[in-house]
Each structure stands twice: as C-alpha cells, then as structure tokens.
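The values are calculated or read from the model by the stated rules, or taken from the named source; none is laboratory data. Since the model is a prediction, treat every value here as computed from it, not as a measurement. All Cβ positions, glycine included, derive from the backbone under ideal geometry; neighbour counts span all protein chains shown.
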There are 2 protein chains.
Amino acid sequence: MPKAVFQVGEKIYIFLQLDRQGGFERQMMQEAIWQQIQFDERGLVPAIVQDARSGAVLMLAYVNAESLAQTLASGETWFWSRSRSELWHKGATSGNTQRLISLAVDCDGDTLLLKVEPQGPACHTGERTCFFQHWPIAEAEEWA
Amino acid sequence: MPKAVFQVGEKIYIFLQLDRQGGFERQMMQEAIWQQIQFDERGLVPAIVQDARSGAVLMLAYVNAESLAQTLASGETWFWSRSRSELWHKGATSGNTQRLISLAVDCDGDTLLLKVEPQGPACHTGERTCFFQHWPIAEAEEWA
C-alpha cells in the first residue's frame, strides 16, 4: 500500500493532495468517497475515464482499493490490470499519464467516472480514445 | 430473440433500421459491429451511455447479445439487468427512453460506448445522470 494510505479496522483512510479543500473538508471528502464505493466480488469497480476538457470518453478500466488510493494520493490514474493481475500506473511506460480532475460515483456505487486531463493518447494504438471504432446509427445533432 | 435477429452457425445477424446506410453498407456495418464485440464469460459487455448532445456520461449498464440486438433493431437502449436477470428496455416503465445515435466499440472489444438522445433523466433517482455524486480533486478548466 502507498505511504499515503492507512487502514483502521474495516475503514481505509487516504491522504489526498487537493488544491481546493482544507484539512477538515479533505477528511470528510475522503470518507464520503470511500463510503460510496461498492467493490464487486473481485474487489473491483469499472472506471470510465473522460477527458475533462473535451468531454470525450477515453477508456474503461478497472480499479481496486489500492489503485484508487494510488490515484487519489498521486493525482494521476492508476488501475488494476485484470490480464496481468497487477497495479497499472497509466502512462508509466508510454508517458501518456492522466491527471485526475474530478471523481464521481454512480447512484448505486458500483461505477466510477474519472474526469482527467490526458497527457497524450489514451489508447495503446496511439488513438486519442479507445473508442475509435465508431458507427453512426441515427441522424442527430451530435456533440462529438 | 426479436424478429430482426437471426443466427447462422456461430454468427448472429441482425436487421438494423438505419437512416443513413443502404442495403449493402448496412449489412457490412452489422458484420463489423458484431465481429468486434468480445462478450465476457457471462455473455456480457459493459456499455457506457453518453448524452450525444451534451457529452455528459449518463450511466453504465450491461449488454448481452439479445439486448444489443434489441437496441440495434429498435433504435432505443436495451440492457441486461444483472440483479433481475432479465432484459431491460430503458424507460419502459418510466418513459425515460434513450434513442441510439451512435455505437462505438473499444480497442479490445470488451466495452461499448452508446451515444444517445435521452428522453428524460437517466437515473432512477430523477437525476439527469447516475454520476451525480461528484468530488473535485484538482483545479482545471473543466468542460462539464
């Protein structure tokens, strides 16, 4: 576990590096985030990664408690690689890191939405987003 | 299975109601979509639902082959409810349907991105999006 994370009983506490919040608000926010999240039987939740500036959905990856703690402590996205069974710091080898701007939990707590500022393409193919295979279905004034 | 879907050997064929494509292009697109998708051991893929106009991420739900076929045939989103183990036509009871505008598959074929035109809130709580529990982490010029 990273230095910034500690556990008391069943609760996990993390140290967040925040720009906006002070000490007490920061602690309250930590509590609120962790209490909302429902990890599945594998200890994972899917995390949607969205470009905070453009709104483009970049990728879907999976997060466990440790990778989430790393994400919150470092301010960059960390995931759990299901294929390699290891923590995965996005951009560690490619340099294409993602700075975390905001975090949201859905209504039943089993999905995260991470808005990020990407430093380069999200996809290993070099595409900006992993969702580059795209088919139009119906006519509409599309936003992106 | 809906009338618009038929299976030959291991391949599933569907009839799409498209605004843009003609017969041949339509058939090619059907093939392309189905060939890209990698359903997991449960026969599911997660589908990110995004508002095509505003770019807001609305929800994450799960799709099996039948619900995807229904989505493509009807032009509205259908999912597989893991808790109720049944097909789920989004908005069937609430009226808050989602018209499918485009479909994308990610680079490794195990996640879908459905851009939709929502007829009302996506969330059962009445919120526009299921991701209404939201925490700012770092300062940035945020898009939404």
TODO: Sort out which residues of region B:133-144 are surrounded by 15 or more Cβ atoms within 10 Å (Cβ to Cβ) and modelled with pLDDT of 85 or more, and write them in order of number.
DONE: B:GLN133, B:TRP135, B:PRO136, B:ILE137, B:ALA138
TODO: Residue by residue through region A:69-100, note down the ones that are at pLDDT below 95 and β-branched (Val, Ile, Thr).
DONE: A:THR71, A:THR93
Open item on the list: Taking the condition of being within 11 Å of another protein chain (Cβ to nearest Cβ) and in contact with a helix residue (DSSP H, G or I) (Cβ under 9 Å, 6 or more places away or on another chain), how many residues in region A:63-76 meet it?
Closed with: 2
- [ ] Determine whether region B:66-82 contains at least one residue that is out of contact with any Leu (no Cβ under 8 Å at 6 or more places or on another chain), within 23 Å of A:ALA104 (Cα to Cα) and not aromatic (Phe, Trp, Tyr).
- [x] no
Open item on the list: If the requirement is being away from every other protein chain (no Cβ under 11 Å) and surrounded by 15 or more Cβ atoms within 10 Å (Cβ to Cβ), which of these qualifies: B:LEU87, B:LEU60?
Closed with: B:LEU87
TODO: Could you tell me which residue of region A:98-114 is nearest to B:LEU112 (Cα to Cα), considering only residues that are more than 7 Å from chain B (Cβ to nearest Cβ) and either over 12 Å from the mean Cα position of the chain (by Cα) or among the basic types (Lys, Arg) (or both)?
DONE: A:ASP110
- [ ] Inspect all residues belonging to region B:27-34 and state whether any of them is in a loop (DSSP other than H, G, I, E, B), hydrophobic (A, V, I, L, M, F, W, C), out of contact with any helix residue (DSSP H, G or I) (no Cβ under 7 Å at 6 or more places or on another chain) and at pLDDT 85 or above.
- [x] no
TODO: Please indicate, with yes or no, whether at least one residue in region A:109-120 is out of contact with any Lys or Arg (no Cβ under 9 Å at 6 or more places or on another chain) and over 28 Å from B:ALA52 (Cβ atoms).
DONE: no
